[in-house]
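Just so it is clear, none of the values below were taken in a lab; they were calculated from the coordinates. What you see is a predicted model, and the numbers here were worked out from it, not measured in a lab. Ideal geometry is used to build each Cβ from the backbone, glycine not excepted, and the neighbour counts take in all protein chains shown.
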Amino acid sequence: MNRKHFVRALAGISLALGLGGGAWAQAPIVIKFSHVVAPDTPKGKGALKFKELVEQRTKGRVKVEVYPNSQLYKDKEELEALQLGSVQMLAPSASKFGPLGVKDFEAFDLPYLFDSYDDLHKVTRGPVGASFLKKLEPHGITGLAYWDNGFKVFTANKPLRKSEDFKGLKMRIQSSKVLDAQMRAVGAIPQVLAFSEVYQALQSGVVDGQENTPSNIYTQKMHEVQKVLTETNHGYIGYVVITNKKFWDGLPADVKPVLEQALKEATEYADEASKKDNDDAMEAMKKSGRIQIVTPTPEERRALKKAMLPVHKEMEGRVGKPAIEAIYKAIGFDPAKQ
């Protein structure tokens, strides 16, 4: 084959492979967004909203593939997968960053720190939250946003209005030194259990009670195996939306702002979905007649708060005093006046 025929044949092969006419340069940027919960949860809804906005506004230049329900990776595997670049985005619980050495996020587990979503958002949408995200960068992670799951309540087979009511109860918690200390502060016995095991443990009496957001309690049917829900709103559960730093830094200059704006809107959408889901779950549980719902009086709330507040001081060595004090300052929280 002479040179002219060879070049023509090579061009034909390139065209057949779809590499001609600049098509190769236009291959979409793929973002794999992996998470461990169902698509109809606030996190699932936020991920799908992000996908919808990004694909619409980049006209297919960026493709977001959402993998819910641990389809790709389980809870314990996903952070390493992100660092290796096997996935590009995750939204793990805030407390998941402790093992990486970034313990500031464990401040979100502190009991009675936030009195309202307004207080919470002063941190998660303000400079303090941004400073926490910055600490992930040395680990190859870029923090992008915080998504709410909501405020926690307690369930048990009796009302939990005051600290004495907790004494001797086996209470299920997520794996967290802060939550362990919280339960011990009121005389309960903390029991670490996987989320998927809680219903069975409550039903069989392996544990006496637990804490979670109303939407999690309702969707897992915990209200069917517990007699009383005490509306304490004593703690917060939230997620941190993160991406692989190398991937994010390498995005084209005109693409990144579109993704950032889409994420901002998806964050508002996810936070609204979380609040609505929790309100709806409380209403559904009231109507079910399966569980009694009690609301502590302002005096009972203050007394329970006072019993748990020493945990803040106790956890300074672990979480870091500067992180806790930065949150206090942002929300005008004075432990001495609580």
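Numbers below:
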{"quantity": "Segment 278-338 - convex hull of alpha carbons, volume per residue in Å³", "calculated": "140 Å³"}
{"quantity": "Pairwise centroid distance, computed over Cα atoms, of segment 134-210 with segment 266-298, Å", "calculated": "18 Å"}
{"quantity": "Nearest-ten-degree value, helix 256-288 long axis tilted from longest Cα axis of the chain", "calculated": "40 degrees"}
{"quantity": "Crossing angle, helix 298-308 versus the chain [Cα axis fit, 0-90 degrees, rounded to tens]", "calculated": "70 degrees"}
{"quantity": "Calculated FRET efficiency for the pair residue 316/residue 75, C-beta based, R₀ 22 Å, to 0.05", "calculated": "0.20"}
{"quantity": "Cβ-based charge dipole, the chain, positive-most Cα from 322, 34, 239", "calculated": "34"}
{"quantity": "Calculated from backbone phi, Karplus (6.51, -1.76, 1.60) coupling profile of segment 241-252 in Hz, x at Gly/Pro", "calculated": "7, 10, 9, 5, 4, 4, 4, 5, 5, x, 5, x"}
{"quantity": "Among 107, 53, 153 - extreme Cα towards positive end, dipole of the chain, charges at beta-carbon", "calculated": "53"}
{"quantity": "Crossing angle, helix 42-57 versus the chain [Cα axis fit, 0-90 degrees, rounded to tens]", "calculated": "30 degrees"}
{"quantity": "Count of Lys pairs (Cα-Cα under 18 Å; at least 8 positions apart or interchain) in segment 268-326", "calculated": "5"}
{"quantity": "Label corresponding to log10 I(q)/I(0) by the Debye sum over Cα atoms at q = 0.07, 0.11 Å⁻¹ when calculated from the structure given, among (i) -0.28, -0.70; (ii) -0.40, -0.90; (iii) -0.34, -0.74", "calculated": "(iii)"}
{"quantity": "Relative intensity, log₁₀ I(q)/I(0), of segment 171-233 from a Debye sum that treats every alpha carbon as a point, q = 0.20, 0.23 Å⁻¹", "calculated": "-0.77, -1.02"}
{"quantity": "R0 of 22 Å, Cβ-Cβ distance residue 27-residue 254: FRET efficiency to nearest 0.05", "calculated": "0.85"}
{"quantity": "Projected label distance in nm at residue 117 and residue 330, using a 7 Å step from Cα toward the beta-carbon", "calculated": "1.7 nm"}
{"quantity": "Electrostatic dipole magnitude of segment 100-216 [Cβ: Lys, Arg +1; Asp, Glu -1; Cα centre; debye, to 20]", "calculated": "180 debye"}
{"quantity": "Modelled FRET efficiency - R0 30 Å, residue 157 with residue 38, Cβ distances, 0.05 increments", "calculated": "0.60"}
{"quantity": "More than 15 angstrom apart: percent of Cα pairs within segment 219-308", "calculated": "74 percent"}
{"quantity": "Separation in nanometres of the label points that stand 7 Å from Cα toward Cβ, at residue 284 and residue 65", "calculated": "3.1 nm"}
{"quantity": "Dipole axis of segment 26-333 (+1 Lys, Arg; -1 Asp, Glu on Cβ), positive-most option in 331, 255, 182", "calculated": "182"}
{"quantity": "Dipole moment magnitude, nearest 20 debye, segment 26-333 about Cα centre, only Lys, Arg, Asp, Glu C-beta charged", "calculated": "240 debye"}
{"quantity": "Per-residue HN-Hα couplings for segment 165-182 [Karplus 6.51, -1.76, 1.60; θ = phi - 60°; Hz; x = Gly/Pro]", "calculated": "5, 8, 4, x, 6, 7, 10, 6, 9, 5, 5, 6, 5, 5, 5, 4, 5, 4"}
